[in-house]
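What follows is a set of notes on a single structure, which appears directly below.
The values are calculated or read from the model by the stated rules, or taken from the named source; none is laboratory data. What you see is a predicted model; the values in this text were computed from it and never measured. So basically every Cβ, Gly included, is an ideal-geometry build from the backbone, and we count neighbours across all protein chains shown. The accessibility values were calculated without ligands, DNA or RNA, using every heavy atom of the protein model including side chains. Shrake-Rupley method; radii C 1.70, N 1.55, O 1.52, S 1.80 Å.
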Amino acid sequence: MTDSTGCLDEQLKKRNDLFIVTMVVIIDGREYEDGINILPNDLAQIMKNTSSIPTTSQPSIGTFTELYKKLEQNFDRIVSVHVSGRLSGTVNSSLQAAKLVSIPVHVFDSELISYPMTLILKKLINEVENGSSIEDAFQIARTYRSNHETYVLIGSLEQLHRSGRLSSVKYILGSLLKLKPIISIQKGVLETKEKARSELKAENRIFEWYRAASESIRECCILYGSTPEQAGRWREKILSITPNIKVHIYPLGSAISVHTGAETLGISWFNEK
């Protein structure tokens, strides 16, 4: 199992043993199911036409419990992989629901978002299908997780502030000084890595870090807010540094873009020796 903040590729979409619980996006009192009746493009359009503060809600304990009980009929155990537990209560809902069912449920906190979280999921699937125990697969995934680097240029400081993810002081200073913060994910938490004086300087700094790590990178992810065209130029820069690398391009998803803004752009990779 996973949640809708991840992005399923074509390989995962073909599986009949993979299930998704959806996040809820709330705008003007209306609830939307992430990835079902609201997509990043839809969110960008809705946000242009409202002054309300959008919010999100993780799947409830009841939602998890109901699905777990259904899966008991056909499966021996469940592996549940979710968005960072320090960014969402989804992991906790999953853990609480696991106590209410008889089927064994193994919950893994990816400490990540979007397609990087999906790569953790794929790593676990591969390990289990190749004979690893759940415990061993989790240990391998923890090591893999600890070697990731993720850097994001937030599209809207205002939106991040309105959603409660950025303090008023930092928002005012960032706006007045026209700073472009580079956000990283450290142990599941959004942290300000550096503050650049312009978007170009912030972008150049990110690619300095990418170039420094390039020898240990096998694949990387470009994460965008609402339009994939944003990612095209970054893809070209990545391939100019590492011509043979596999580049994944995926949206952050509506439940994440609510907080970061439509113009958000990020890059993520795992350092593999």
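Taking Lys and Arg as +1 and Asp and Glu as -1, the other residues whose beta-carbon sits under 13 Å from that of THR65 total +1.
As a test of reading the structure, rank LYS99, LYS70, LYS180 by solvent-accessible area (1.4 Å probe, protein chains only), most first. Mind dumping the intermediate values first?
Details: LYS99 150, LYS70 115, LYS180 35 Å².
Sorted descending by solvent-accessible area, the residues read LYS99, LYS70, LYS180.
Taking all protein chains as they are arranged and a probe of 1.4 Å, the heavy atoms of LEU121 leave approximately 10 Å² accessible to solvent.
How would the stretch 193-239 be classified by its alpha-carbon gyration tensor: rounded, prolate or oblate, with rounded meaning a/c under 1.5 and the a/b versus b/c comparison settling the rest? Provide the component values of the computation, followed by the final result.
Details: a/c = 1.96, a/b = 1.03, b/c = 1.89.
Note, shape of the stretch 193-239 comes out oblate.
Based on the alpha-carbon gyration tensor of the stretch 52-146 and its eigenvalue square roots a ≥ b ≥ c, which shape applies: rounded if a/c is under 1.5, prolate if not and a/b is larger than b/c, or oblate? In terms of gyration-tensor shape, oblate.
Quick check: residue separation of ARG197 and GLU10 times 0.36 nm, minus the Cα distance between them. What number comes out in nm?
Working: separation 187, 0.36 × 187 = 67.32 nm, distance 3.93 nm.
Difference between extended and current length: 63.4 nm.
Solvent-accessible area of GLU208, all protein chains in place: 100 Å² (probe radius 1.4 Å, heavy atoms, ligands and nucleic acids excluded). Treating r as the C-beta distance of SER133 and SER102 and R0 as 25 Å, the FRET efficiency rounds to 0.75. The simple Förster model, with R0 at 30 Å and r as the Cβ-Cβ distance, assigns ARG218 and ARG86 a FRET efficiency of 0.65.
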